[in-house]
Each structure stands twice: as structure tokens, then as C-alpha cells.
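Note sheet for the following structure.
Any read-out appearing in this document is the output of simple, stated calculations on the displayed coordinates, not a laboratory observation. Nothing here was measured: the structure is a model prediction, and the numbers come from that model. Cβ: placed from backbone, ideal geometry, glycine included. Neighbour counts: every protein chain shown.
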Amino acid sequence: MRKKFIDYNPEQLLLLPPSLKDWLPPEHPAHFIDEVVGQLDLSPIIGDYSELRGNPPYNPYMMVKVLFCGYWRGIRSSRKIERALYEDIGFRFLSANQQPNFWTIAAFRRRHHEAVGEIFQQTIQLAQKVGLVKLDHVAVDGTKIKANASKHSSMSYGYMVKEEEKLRQEIEQYGLTP
């Protein structure tokens, strides 16, 4: 008895889904980022592009989505974000399969440093309204762990204030505070 094979028609064969959205499961965080950034007010960034010279810029909504996805994943480097735009399906979905180079990503972040910080603040407020985060309750674990600590290796209050200021400046570099 011969096996019957399925007829092969190359025009009907799809190796990949027709839409990038089909590549991601419905609960993937990229869908949330896509929806949230689509509802934000990006007028400070869009209003900054009034020149008619040169190539048109990448869509600011797409660039903000890519930056937020990078922040969510803990990727801060523009070069690593560029690599993710080629290799990661979530990034490819958010960028509509466009791949701006690292220089463009870094220039966008530098140019719109303050606006991105305000937009990030909007996303946190929106997430709080929806109930995804609560900013009113802080829990501290009371677990005691045997450690090797001494007076000389622990931080003084003055040093802690300096470290806090250093962290605040580092966060401002990412554009996360207005």
C-alpha cells in the first residue's frame, strides 16, 4: 500500500504568519506596550519635527515603543536595542519590522530626553489607573540572613545621600524622570 502525500503547492505554503502580531502569544507584554503608547500624548516629540529637509524621521510612536520595551527588558544600550530589533519578535512587532540603527536610537533618546521622561511618567499613571501597579504600599521583607558586615564596610548617611544623587543622575540619563 502506497502512502498518499499531501499535494505541495508553493503558492499556498506559508512559512511564517502573515502578520507579526500572530507571532506573539496574546499575553505577551509587547501587546500592552503597543496599546499604552498608542494612547499617550506625544505632541512634545511630534512638534519637534518641523523641518522639511532630509529623510523623514522614524515614527515617534514606534521609537517610544522600542525604548519602553528596552527599558522593560533591562536593555539600555542603543546597540543592544538595535540587535534586538533584528533578533527579538517582541521588538520586531513593536517596530513594525523596521530596524533603526543604534545611532538613530541614541539620537532620539538624547533629543527627546525630557519628553520621554514625562511620557514614562504618563505610562506609570495610566498603569496605576488600570490597577496594574500600586504606588501607595511598600513592603519590606524581614528575613534575617547571616552576613559578613562591619562598621567600616557599611554606608554612612552622607555617603548614602551621595549614592542616591548619583543614581538619580543615572536615571535622568535614561530619560525616566522629568
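Please go through the range 52-83 and write out the trypsin sites (Lys or Arg not before Pro) that DSSP classes as loop and that have at most 15 other C-beta atoms within 10 Å. The qualifying sites are R53, R76.
Taking other C-beta atoms within 10 Å as the exposure proxy, T143, T104 rank T143, T104 from fewest upward. Each of Q98, L85, V64 was placed along the dipole of the range 20-173 (beta-carbon charges, centred on the mean Cα), and the one lying farthest toward the positive end is L85.
For Y174, Y159, the sequence from fewest to most other C-beta atoms within 10 Å is Y159, Y174. Each of Y61, Y86 was scored by other Cβ atoms within 10 Å of its Cβ. Listed from fewest to most, they are Y86, Y61.
How big is the dipole moment of the range 20-173 about its Cα centre under a simple scheme where the beta carbon of each Lys and Arg is +1, that of each Asp and Glu is -1, and everything else is neutral? Debye, nearest 20, please.
580 debye
Under 1.5 on a/c is rounded, so check that first for the range 20-173, then, if it is not, pick prolate when a/b is larger than b/c and oblate when it is not; a ≥ b ≥ c are the square roots of the alpha carbon gyration tensor eigenvalues.
Here the range 20-173 falls in the prolate category.
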